[in-house]
Amino acid sequence: MSDRLHTLSGYLYEYQKSIAQPEEFWARIADSFHWRKRWDKVLKWNFEGPDVKWFVNAKLNITENIFERHLYTIGDRPAIVWEPNEPGEATRTLTYRELFREVCRFANALKSKGIQKGDRVIIYMPMVPEAAIAMLACARIGAIHSVVFAGFSSSSLADRIIDCEAKAVLTSDGNFRGNKKIGIKSVVDEALEKSSVETVIVYRRTGQETEMKSGRDFWWHQVLEGQSDVCPAEEMDSEDMLFILYTSGSTGKPKGVVHTTGGYMVYTKYSFDNVFQYSAGDVYWCTADIGWITGHSYIVYGPLLAGATTLMFEGVPTYPGPGRFWEVIEKHKVNIFYTAPTAIRALQAFGTDPIQGCDLSSLKVLGSVGEPINEEAWHWYHTHIGKGKCPIVDTWWQTETGGIMVSPLAGITPTKPAYATLPLPGIQLCIVDAEGNELTGNSVEGNLCIKFPWPSMIRTTYGDHERCKQTYFSTYQNMYFTGDGVKRDHDGYYRILGRVDDVINVSGHRMGTAEVENAINEHPKVIESAVVGYPHEVKGQGIYAFVICDMTNRTEDNLINEIKDMVSKIIGPIAKPDKIQIVPGLPKTRSGKIMRRILRKVAEGQLDSMGDTSTLLDPDVVEKIVEGRK
Ligand code: WT7
């Protein structure tokens, strides 16, 4: 493959070329795809708008690049291997040819329900092949999918359905997760009370009793009946929307990050190939859920564009026991394994017993994503899972970047624990200080920005371009601001230090502190609240909430549990605070701004380094908070 890097010097050479002549560089990479019509210009951009267009006026369909491009060569190769929640249940394998057939049939089913190019379709499903089939069927006919993680509550789902004005929802009766059977369709019904969705298609997974609203709800297997397995691909412009994915920010409700077709296709495949150094026949397993960007780019699109075999796992790491991941690796002879630090730390806590007796010798490459990986977890992963012989790719990126930005290339870039190392070709990083001055040279620390466009970058936030501009392109002029702090060490290697804004990262899931506060404030006894992150052994960060309450007729314990349930109900269990402290007041400045810096210190337990509190309206409140600390 011409676009594959093989050596460190090759990487350095290509990197230089990608910076000196970006358009030539990306045109060469893009040439290996199938375009119905070639681009007039590779790139047009400005970051003031922002207005970024890649492969201007090119026409294509991303699914033609997965299927038609591969069928003659690798049609019989497994595309998706599915491992169910229950180890005793049969696995399923879909070859490229079989997957293509299912995608076409389901695409025709969507069309028969009136779904057309440009319509938004919500996918709220468990980790079954049909979830990937649904995404690809949308892409086949030019509908825009928006996958919502099936752990989100009905009100979070409703917000997303309403924001993108979805025409249809694809879902399942229920979901198996560990020893639980969770109703999914009932959550959808609740979410749909306030919306105008015309069609709901329900995949039968658990077989549980499910209400169906006539004229609106249809069973998946029934809409498929009689559908042809031929479905011509819709011709898409390179800049037509491929999907919307909602993510949390530091203010307000989650925003719909928009990704478009051509650039996303080129970058996800290129980065997949190079970071993981995938070779034909390898079994690749990414443990993310398709509800997150990792699932989009590195379970579905990247691997399938590269002709890889991608494993999809329905269950959880600890069911039926803490050895499940290792058993799955042995069972499917997984060669490349990509997971999150939080999962590594959770499994590390069980010691090495669950690994004993599992043959992990198929493994060649290990990956990490979602949050900074601490050195201890890195070494455990390297020693006990990789047996000291598998390179670890610590991949830094974001929902907004669409693909991996900073990462070692497996087996090529020398690694260093806890370092994401070096940017991929085409990625022009920049470290700035608080005033926006670029910090050049090595051994510097500051805020991470990107100063030149890359093909899979965010184009807008759905329905609100101004919000995109404000959030990402206004903090520093002419730069995309990531929200992360970073250090470039004496070797020029990058180490991500975590968020510098009011976003916390809980088990690799992004939460806005304001979003959690809004949910807490829904409780009738809550007067005011402030949420911060604090270091958590397994989750990376935990959620600590300081809450002022009206305590009449309530005990502290009752109230705390009620507030936790409230947050679970409004956002979802992943947002449930780990600690809630009822406080008499919050540290505020004279202008009424909450000083989170102080609350963070309290949550972290750094009580002797509170810093200057003299500007507070009521400095005594800090003492009271410290006394009542959990
Ligand atoms: C935030 C993005 C894209 C992957 C899934 C999360 C943090 C992500 C790393 C890493 C240190 C990381 C950052 C980033 N993050 N990967 N390898 N090392 N931090 O996507 O929900 O959009 O969150 O996750 O803070 O900004 P996301």
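The values are calculated or read from the model by the stated rules, or taken from the named source; none is laboratory data. The structure displayed is predicted, hence computed values, not measured ones. Here Cβ is always computed from backbone atoms with ideal geometry, including for glycine, and neighbour counts include all displayed protein chains.
In segment 20-35, the qualifying residues are those that are in a loop (DSSP other than H, G, I, E, B) and touching a Ser or Thr at 6+ places or on another chain (Cβ under 9 Å), and the one that is surrounded by the fewest Cβ atoms within 10 Å (Cβ to Cβ) is Asp31.
Within segment 480-524, the set of residues being surrounded by fewer than 18 Cβ atoms within 10 Å (Cβ to Cβ), farther than 30 Å from Ile560 by Cβ and within 16 Å of the ligand (Cβ to nearest atom) comprises Gly485, Lys487, Asp489, Leu497.
Residues of segment 586-604 that are in contact (Cβ under 8 Å) with a residue 60 or more places away in the chain and either small (Gly, Ala, Ser) or in a loop (DSSP other than H, G, I, E, B) (or both): Ala603 alone.
For segment 171-187, the criterion of being without any contact (Cβ under 8 Å) to a residue 24 or more places away in the chain, part of a loop (DSSP other than H, G, I, E, B) and surrounded by fewer than 22 Cβ atoms within 10 Å (Cβ to Cβ) is met by none of the residues. So, in segment 36-67, how many residues would count as being crowded, with 17+ Cβ neighbours inside 10 Å and either assigned to a strand (DSSP E or B) or not assigned by the TED database to the domain that holds Tyr270 (or both)? Within segment 36-67, residues that are crowded, with 17+ Cβ neighbours inside 10 Å and either assigned to a strand (DSSP E or B) or not assigned by the TED database to the domain that holds Tyr270 (or both) number 8. For segment 570-617, a tally of residues being among the polar types (S, T, N, Q) and in contact with a helix residue (DSSP H, G or I) (Cβ under 9 Å, 6 or more places away or on another chain) returns 4.
For beta carbons closer than 6 Å, sequence separation of 6+ or different chains, a first residue in segment 207-229 that is under 17 Å from Asn175 (Cβ atoms) and a second that is acidic (Asp, Glu), the qualifying pairs are Gln208/Asp173; Thr210/Asp173. Under the condition of being within 22 Å of the chain's Cα centre (by Cα) and within 16 Å of the ligand (Cβ to nearest atom), the residues counted in segment 419-454 number 13.
A quick yes/no check of all residues on (1) of a type outside the set (A, V, I, L, M); (2) over 28 Å from Asn374 (Cβ atoms); (3) outside the structural domain of Thr399 (by the TED database); (4) without any contact (Cβ under 8 Å) to a residue 12 or more places away in the chain:
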site: Ala434; (1), (2), (3), (4): no, no, no, no
site: Glu445; (1), (2), (3), (4): yes, no, no, no
site: Leu448; (1), (2), (3), (4): no, no, no, no
site: Ile458; (1), (2), (3), (4): no, yes, no, no
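Taking the criterion of being under 24 Å from Leu305 (Cα atoms) and part of a strand (DSSP E or B), the only residue of segment 408-423 that qualifies is Pro423. Please specify each residue of segment 24-40 satisfying the condition of being acidic (Asp, Glu) and within 10 Å of Phe55 (Cβ to Cβ). Residue satisfying the conditions is Asp40 alone. Scanning segment 90-106 for residues that are surrounded by 16 or more Cβ atoms within 10 Å (Cβ to Cβ) and farther than 22 Å from Gly281 by Cβ gives Arg101, Glu102, Val103, Cys104, Arg105, Phe106.
Residues in segment 125-137: is at least one among the acidic types (Asp, Glu) and within 16 Å of Ile299 (Cα to Cα)? Scanning segment 125-137, I find at least one residue that is among the acidic types (Asp, Glu) and within 16 Å of Ile299 (Cα to Cα), so the answer is yes.
Here are some residues: Ala233, Ala158, Ala166. Which one is within 28 Å of the chain's Cα centre (by Cα), closer than 23 Å to Pro573 by Cβ and of a type outside the set (S, T, N, Q)? When all the criteria are applied, what remains is Ala158.
Taking the numbered list (1) without any contact (Cβ under 8 Å) to a residue 60 or more places away in the chain; (2) of a type in the set (Asp, Glu); (3) within 16 Å of the ligand (Cβ to nearest atom) in turn, Glu466 passes all entries but (3).
Restricted to segment 478-539, the set of strands (runs of 3 or more DSSP E) holding at least 1 residues that are charged (D, E, K, R) comprises 480-488, 494-499, 509-512, 526-536.
Do we have Gly226 as surrounded by fewer than 19 Cβ atoms within 10 Å (Cβ to Cβ), part of a loop (DSSP other than H, G, I, E, B) and of a type outside the set (A, V, I, L, M, F, W, C) here? In short, yes.
For the residues Gly295, Gly291, Gly281, the requirement of being assigned by the TED database to the domain that holds Glu68 and away from the ligand (no atom under 16 Å from the Cβ) singles out Gly281.
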